[in-house]
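The values are calculated or read from the model by the stated rules, or taken from the named source; none is laboratory data. Here the structure is a predicted model, which is why all the values come from computation and not from measurement. Here the Cβ positions follow ideal geometry from the backbone for every residue, glycine too, while neighbour counts run over all protein chains shown. For accessibility, only protein heavy atoms count, side chains too; no ligands or nucleic acids. Shrake-Rupley method; radii C 1.70, N 1.55, O 1.52, S 1.80 Å.
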Amino acid sequence: MAEPSLLAGSLGELIDEKISVQDLVNKMKLNVLTPQIDLSDRMISFYDVNRAALQLTGFFDHFDKNRVQVVGKVEQQYIADSDEDKIVENFKKLASFHVPCVVFTRNYTPSEKIIDACASEGVPCCNSSLTTSELVSEMIRWLRVELAPCISIHGVLVDVYGEGVLILGDSGVGKSEAALELLKRGHRLVTDDVVEIRKVSDETLVGSAPAITKDFIELRGIGIINVRDLFGFEAIKDTQTIDMVIHIAEWDKDKVYDRMGLEEHHMDILGKKVILHEIPIRPGRNLAIIVECAAVNNRAKKMGYNAAQEFLERVRVNTEGTFKGKE
């Protein structure tokens, strides 16, 4: 049977991520040199940046217009040593591609002609006190997270002993109740009902809560409760890597369930395979304890210990010993 997939059009809804230049300015603490331009309308859709070096010489082949343009120390020296009219012309041509923005490092302030050349095409100019390498690395790190592929799904995400556990299941199956019991046992809630999952790298999925549902849990028969108010700030976590998925389903007496745990099942989330456990439930099962055990067992496997393999080895040794005794 094919492993379940969490992709747009199945369990999740793909979110088209973009951020405004204003968000970038706020995060990087940039100084805006073109206050007349509305930064909230200028959108960034690509996480990488471009050092505008060859473009200042007039070479625009293979130019990526979707990237933030950074002008560093080397480019600033080139500007100082070159004919101003030619530089202004090339800045105007660069701006004609409608790049998101141009950022000068080391508090460099270009001439009014350069600023006006960019502003005439609606491209904002900013500068930063950071060095080029500091600004570029921090900008790429932040943009990569903010613009990572993202899906929104129905589920609960909790931090259990440092393991990010994504709990899935049909509506009303008990996901929120399990999260509440885990909170009482000292674990932390990331989000209930809606989980936004971002693929920040090939190996890392990060889950968070939408702003509208952050800190809240819905309990049928009671209503909405505020986890931060009831359990304190230590019960809430803003983001969490997703290390495993637990799918809760009603007990089916005709279904064969894995009792040993020798076979690993996975769920594909945005191209990343995540460990999947299907937990059948019926009255009397303590789901919170099961989730805790699953989280601890997952940590143990990461550290090289597999209880199922050890048990199988004991059975093998004991069986061989029995046969030898009979001989």
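Give the percent of DSSP beta bridges with both residues in the chain that are antiparallel, rounded to the nearest 5. Intermediate values should be presented prior to the final figure.
Working: 38 of 63 bridges.
For the chain, the DSSP antiparallel bridge percentage is about 60.
Given the rule -39500 (n - 2.57) for each run of at least 4 DSSP H residues, summed and divided by the residues of the chain, what is its mean residue ellipticity at 222 nm, to the nearest 500 deg cm²/dmol?
-9500 deg cm²/dmol
With charges set only on the Cβ (+1 for Lys and Arg, -1 for Asp and Glu), what does the dipole of region 249-310 come to about its Cα centre, in debye to the nearest 20?
For this selection, approximately 200 debye.
Under a no-solvent Debye model with one identical scatterer per Cα of region 189-234, what's log10 I(q)/I(0) at q = 0.14, 0.29 Å⁻¹?
-0.41, -1.05
Could you name the aspartates and glutamates in cross-link range of residue 199, using Cα to Cα under 15 Å and dropping any fewer than eight places away on the same chain?
Excluding near neighbours in sequence, the set is 13, 16, 17, 146, 243, 268.
In the set (i) 169; (ii) 208; (iii) 189, which value of volume of the Cα convex hull per residue in Å³ was calculated from the structure you see?
Looking at volume of the Cα convex hull per residue in Å³ for this model, the match is (ii).
Rounding to the nearest 10 and keeping the result within 0 to 90°, find how far the Cα-based axis of helix 175-184 lies from the longest principal axis of the chain.
90 degrees
Dipole magnitude of the chain about its Cα centre, charges +1 at Lys/Arg Cβ and -1 at Asp/Glu Cβ only, in debye to the nearest 20?
It works out to roughly 780 debye.
Sorted by mean Cβ packing within 10 Å, highest first, what order do the peptides 193-206, 249-262 take?
Packing proxy ranking, top to bottom: 193-206, 249-262.
Arrange the residues 128, 45 by how much accessible surface each exposes, largest first, with a 1.4 angstrom probe.
45, 128
Going by Cα centres, region 75-93 and region 119-141 are how many Å apart?
Cα centres, region 75-93 to region 119-141: 17 Å.
Carbon-plus-sulfur fraction of the accessible area of region 134-249, 1.4 Å probe, in percent?
Numbers: 2520 of 4900 Å².
Exposed carbon and sulfur together represent 51 percent of the surface.
Once the whole set of protein chains is in place, how much accessible area is left on residue 48, using a 1.4 Å probe, in Å² to the nearest 10?
The accessible area of residue 48 comes to roughly 40 Å².
Using a 1.4 angstrom probe and counting only protein chains, how large is the accessible area of residue 54 in Å², to 10?
We get 100 Å² for residue 54.
Of 59, 154, 126, whose Cα points farthest to the positive end of the dipole of the chain (charges on the beta-carbon: +1 Lys, Arg; -1 Asp, Glu; origin at the Cα centre)?
154
So what does residue 305 come to for accessible area, using a 1.4 Å probe and Å² rounded to 10?
Solvent-accessible area, nearest 10 Å²: 110 Å².
If contacts are Cα pairs under 8 angstrom and at least 6 residues apart, what is the relative contact order of the chain in percent?
Relative contact order, the chain: 15 percent.
Placing +1 at every Lys and Arg Cβ and -1 at every Asp and Glu Cβ, with all other atoms neutral, what dipole size does region 50-123 have around its Cα centre, in debye to the nearest 20? Write out the running numbers ahead of the final one.
Numbers: 9 positive and 11 negative charges, 64 e Å.
Magnitude of the dipole: close to 300 debye.
Can you give the relative contact order of region 67-203 as a percent, counting alpha carbon pairs under 8 Å and 6+ residues apart? Mind dumping the intermediate values first?
Values: 184 pairs, mean separation 28.8, N = 137.
This gives 21 percent for region 67-203.
Using a 1.4 angstrom probe with every protein chain in place, what is the largest-first accessible-area order of 150, 293?
The most accessible residue leads, giving 293, 150.
Using a 1.4 Å probe and counting only protein heavy atoms, arrange 132, 239 so the residue with the most accessible area comes first. Don't skip to the answer; put the middle values down first.
Values: 132 15, 239 70 Å².
I get 239, 132, largest accessible area first.
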